Amino acid sequence: MTPRVRLQPEDVGVGMTGQRVRDRLIERLRENGIRDERVLAAIRAVPRHLFVDEALAARAYEDNALPIGHGQTISQPWVVARMTEAVLAGLPAIIDPAQPPKVLEIGTGSGYQAAILAALGVHVHTVERIGDLLRTARKRFRSLGLNVRSKHDDGRIGWPEHAPFDGILVTAGAAALVDALAVQLAVGGTLVAPVGGPSQQALMCVHRQEDGSFTSEELGAVVFVPLLSGVMD
Ligand code: SAH
């Protein structure tokens, strides 16, 4: 399927933000085990350089996390790809635009992970505790024509009014899985979350079974900024 993202001529990028550089990132993701062509197409289509400060735009298609202010980071493309693959694996192979699956993201940050999911036709719900980051992310969603619902809140409570979700992604690390989030997962749904200490976490993938119980597997080691409590402007 063609990723759904609306690009202005100036969004397309040239030189270090252009198509050749993006193609190299896609090759690198393939080499590092990303297999889902839908995910690779979305990463190719969504201009990551618009999700970082202009001064960092030339580094946007390296496979690295980058600072976005307030001590936070935009995740590394490989991590975004892996988490998106894990969530998509639990969804229908062909996404019906009339009945899009609902996915909850905790930690909007730059908005990049949410944009990748929205470009895939998922109805994204995203929660961010830092108001300033959320306002900037919302501008990006609007200018790229992406359908994302967002709120300024402590994401550890999830978004119970819109539960259950077919997928949940937590993009900040915590010492343990947050129970309030797991119960907002639909039967058959997948939750992906980094779990562990401050310097490194295991990317955990949790599936909700038909009988309501949970099974989990580990997808590898990752490094995320911490999941914090409360909100700030
Ligand atoms: N998904 C983001 C990655 C952002 S980094 C992206 O694609 O850019 C993690 C984000 O989680 C930060 O913006 C941080 O402020 C946010 N965060 C941390 N704890 C949170 C919480 N309890 N609720 C909501 N957001 C949280």
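The values are calculated or read from the model by the stated rules, or taken from the named source; none is laboratory data. This is a predicted model, so every value here is computed, not measured. Heads up, the Cβs are rebuilt from the backbone with ideal geometry, glycines too, and the neighbour counts pull from every protein chain shown.
Data overview
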quantity: Residue within region 83-90 that is of a type in the set (Val, Ile, Thr) and within 15 Å of the chain's Cα centre (by Cα) present; calculated: yes
quantity: Of residues in region 220-233 being touching a helix residue (DSSP H, G or I) at 6+ places or on another chain (Cβ under 8 Å) and either among the acidic types (Asp, Glu) or more than 30 Å from HIS152 (Cβ to Cβ) (or both), the one farthest from the ligand (Cβ to nearest atom); calculated: GLY220
quantity: Residue check, ARG59 surrounded by 15 or more Cβ atoms within 10 Å (Cβ to Cβ) and more than 12 Å from the ligand (Cβ to nearest atom); calculated: no
quantity: Scan of region 13-43 for residues that are among the aliphatic types (A, V, I, L, M), in a loop (DSSP other than H, G, I, E, B) and surrounded by 12 or more Cβ atoms within 10 Å (Cβ to Cβ), ordered by number; calculated: ILE34
quantity: Pair list, Cβ under 9 Å, 6 or more apart: region 1-25 residue at positive phi, other residue aromatic (Phe, Trp, Tyr); calculated: GLY13/TYR61
quantity: In region 82-109, the residues that are of a type in the set (Gly, Ala, Ser), surrounded by fewer than 24 Cβ atoms within 10 Å (Cβ to Cβ) and within 16 Å of the ligand (Cβ to nearest atom); calculated: ALA86
quantity: Where a residue in region 98-109 is closer than 25 Å to ARG135 by Cα and its partner, wherever it lies, is modelled with pLDDT under 95, with Cβ under 6 Å and at least six apart; calculated: PRO101/LEU91
quantity: Test for ALA193: is it closer than 25 Å to GLU217 by Cα, surrounded by fewer than 23 Cβ atoms within 10 Å (Cβ to Cβ) and either of a type outside the set (Ser, Thr, Tyr) or out of contact with any Lys or Arg (no Cβ under 9 Å at 6 or more places or on another chain) (or both); calculated: no
quantity: Filtered residues of region 194-230 (kept if closer than 24 Å to TRP78 by Cα and of a type in the set (Asp, Glu)); calculated: GLU217, GLU218
quantity: Search result, residues across region 126-145 that are crowded, with 24+ Cβ neighbours inside 10 Å and in contact with a strand residue (DSSP E or B) (Cβ under 6 Å, 6 or more places away or on another chain); calculated: THR126
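Conditions (1) within 12 Å of the ligand (Cβ to nearest atom); (2) modelled with pLDDT under 95; (3) closer than 21 Å to GLY109 by Cα; (4) surrounded by 16 or more Cβ atoms within 10 Å (Cβ to Cβ), marked per residue:
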| position | (1), (2), (3), (4) |
| --- | --- |
| ASN147 | no, yes, yes, no |
| SER150 | yes, no, yes, yes |
| PHE165 | no, no, yes, yes |
| SER199 | no, yes, yes, no |
| ASP211 | no, yes, no, no |
| GLU218 | no, no, no, no |
